[in-house]
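Worksheet: one structure, shown below.
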Amino acid sequence: MAQESPKNSAAEIPVTSNGEVDDSREHGFNRDLKRSLPAGLGLSETQITSHGFDNTKEGVIEAGAFQGGQRTQTKSGPVILADEIKNPAMEKLELVRKWSLNTYKCTRQIISEKLGRGSRTVDLELEAQIDILRDNKKKYENILRLAQTLSTQLFQMVHTQRQLGDAFADLSLKSLELHEEFGYNADTQKLLAKNGETLLGAINFFIASVNTLVNKTIEDTLMTVKQYESARIEYDAYRTDLEELNLGPRDANTLPKIEQSQHLFQAHKEKYDKMRNDVSIKLKFLEENKVKVLHNQLVLFHNAIAAYFAGNQKQLEQTLKQFHIKLKTPGVDAPSWLEEQ
């Protein structure tokens with residue numbers, strides 16, 4: 001009986017009926033190796049994969065994190081961002097597009113109004129109040145300029161009177177034969193300078209109050225008026241756009257545009273109504289504040305001027321006390337923080 005030649009088990013390559021290599025033994029070997037490893041040791045799971053008989057490498061050992069007998073394999077692929085994460089550049093581009101469209105519509109509305117072709121929404125009562133406010137602002141600014149000029153001229157006169165009084169006082173000491181005459185004139189000029197400083201304090205207080213009223217209170221109201229006028233132009237621009245779309249044909253292409261235009265028109269109408277209400281409220285409060293401020297300041301100005309030119313020093317000082325005006329003594333610095341304590 002012929003004795004079979006021993007065969008190396010590693011050289012045996014099982015082949016299936018269709019000519020493909022049967023790797024069932026390889027999978028079985030891998031399965032046996034996995035079972036032989038003790039579970040729960042925190043080791044990485046090992047898998048031996050064959051890459052063919054004629055490959056220079058006999059196998060590749062792949063390691064994965066051990067998680068209770070199952071290995072988690074990470075898959076690589078394209079990363080898909082969520083829809084809510086938007087590109088900042090696209091957002092800015094969209095804002096620029098909306099701003100350009102809004103600017104175009106408003107410019108077209110302004111040009112059509114100036115040419116007399118477009119219609120504009122007018123609140124007659126509110127427009128009349130705004131015109132009166134602007135006219136009054138110009139008149140108050142003129143009074144403010146004149147009061148500032150008067151203050152500058154009075155300051156120069158007071159300064160000259162003080163210097164003249166000092167000169168008379170010096171001559172009174174050096175001219176014995178005219179001692180009394182120079183002394184009288186020195187006292188008179190010094191008294192006039194003192195009363196002039198008191199009047200100057202009242203005028204400067206009047207200027208500061210009117211300046212606050214004109215350049216802060218009224219200006220703030222006019223800023224709201226400008227916002228109201230801008231809202232009115234936008235409202236009329238989108239109203240005109242909606243009217244033009246409603247006059248055109250209604251089909252599948254125009255209906256979405258009409259709905260969008262209706263939505264934009266409603267939003268700008270609400271903004272316009274809000275700004276109109278804000279302007280009405282500010283005009284009402286401004287009128288009450290203006291009457292109160294100007295009443296006090298006009299009484300102060302009148303009483304101070306009348307007392308000064310009447311030579312009534314006590315009444316002049318009483319006017320300043322009535323309005324809580326403190327005069328700064330010339331040549332005296334403000335007290336330090338230690339003295340104020």
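The values are calculated or read from the model by the stated rules, or taken from the named source; none is laboratory data. Everything numeric here is computed off the predicted structure, so don't read it as measured data. Don't worry about glycine lacking a Cβ; one is built from the backbone with ideal geometry, like all the others, and counts go over all protein chains shown. What goes into the accessible areas is simple: the full protein's heavy atoms, side chains included, and nothing from ligands, DNA or RNA. Shrake-Rupley method; radii C 1.70, N 1.55, O 1.52, S 1.80 Å.
Among the candidates R239, R276, which residue alone is closer than 25 Å to R117 by Cα, assigned to a helix (DSSP H, G or I) and open to solvent by less than 50 Å² (accessible area, probe 1.4 Å)? Can you show your working first?
On the way: R276 fails: open to solvent by less than 50 Å² (accessible area, probe 1.4 Å).
Of the residues listed, the single one that is closer than 25 Å to R117 by Cα, assigned to a helix (DSSP H, G or I) and open to solvent by less than 50 Å² (accessible area, probe 1.4 Å) is R239.
Can you tell me which residue within the range 161-211, out of those that are crowded, with 16+ Cβ neighbours inside 10 Å, over 23 Å from Q297 (Cβ atoms) and aromatic (F, W, Y), is farthest from the chain's Cα centre (by Cα)?
Among those residues, the one meeting the criterion is F182.
Residues checked against (1) closer than 30 Å to T188 by Cβ; (2) modelled with pLDDT of 90 or more; (3) open to solvent by 80 Å² or more (accessible area, probe 1.4 Å):
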{"position": "L294", "(1), (2), (3)": "no, yes, no"}
{"position": "Q297", "(1), (2), (3)": "no, yes, no"}
{"position": "F301", "(1), (2), (3)": "yes, yes, no"}
{"position": "F323", "(1), (2), (3)": "yes, no, no"}
{"position": "K326", "(1), (2), (3)": "yes, no, yes"}
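With the structure loaded, tell me whether E270 is assigned to a helix (DSSP H, G or I), loosely packed, with under 14 Cβ neighbours inside 10 Å, without any contact (Cβ under 8 Å) to a residue 60 or more places away in the chain and under 27 Å from the mean Cα position of the chain (by Cα) or whether it fails that test. Break it down into steps so the answer makes sense when it comes.
Working: assigned to a helix (DSSP H, G or I): yes; loosely packed, with under 14 Cβ neighbours inside 10 Å: yes; without any contact (Cβ under 8 Å) to a residue 60 or more places away in the chain: yes; under 27 Å from the mean Cα position of the chain (by Cα): yes.
Considered against the rule, which asks whether it is assigned to a helix (DSSP H, G or I), loosely packed, with under 14 Cβ neighbours inside 10 Å, without any contact (Cβ under 8 Å) to a residue 60 or more places away in the chain and under 27 Å from the mean Cα position of the chain (by Cα), E270 comes out as yes.
Hey, among D135, D170, which residue is at pLDDT 95 or above, in a helix (DSSP H, G or I) and either charged (D, E, K, R) or in contact with a Pro (Cβ under 9 Å, 6 or more places away or on another chain) (or both)?
On the way: D170 fails: at pLDDT 95 or above.
Matching residue, one of D135, D170: D135.
Please give the number of the condition N215 fails out of (1) open to solvent by less than 60 Å² (accessible area, probe 1.4 Å); (2) over 28 Å from F309 (Cα atoms); (3) polar (S, T, N, Q).
That leaves (1) as the condition not met.
Give the residues of the range 123-157 that are more than 32 Å from the chain's Cα centre (by Cα) and over 18 Å from F206 (Cβ atoms), sorted by residue number.
Q156
Could you check T103 against (1) assigned to a helix (DSSP H, G or I); (2) at pLDDT below 90; (3) open to solvent by 70 Å² or more (accessible area, probe 1.4 Å); (4) of a type in the set (S, T, N, Q) and say which number it fails?
The failed condition is (3).
A202: among the hydrophobic types (A, V, I, L, M, F, W, C), within 18 Å of I325 (Cβ to Cβ) and without any contact (Cβ under 8 Å) to a residue 12 or more places away in the chain, yes or no?
Values: among the hydrophobic types (A, V, I, L, M, F, W, C): yes; within 18 Å of I325 (Cβ to Cβ): yes; without any contact (Cβ under 8 Å) to a residue 12 or more places away in the chain: no.
Judged against the criteria, A202 is not a match.
Among the residues in the range 210-229, are any within 22 Å of K271 (Cα to Cα), assigned to a helix (DSSP H, G or I) and aromatic (F, W, Y)?
yes
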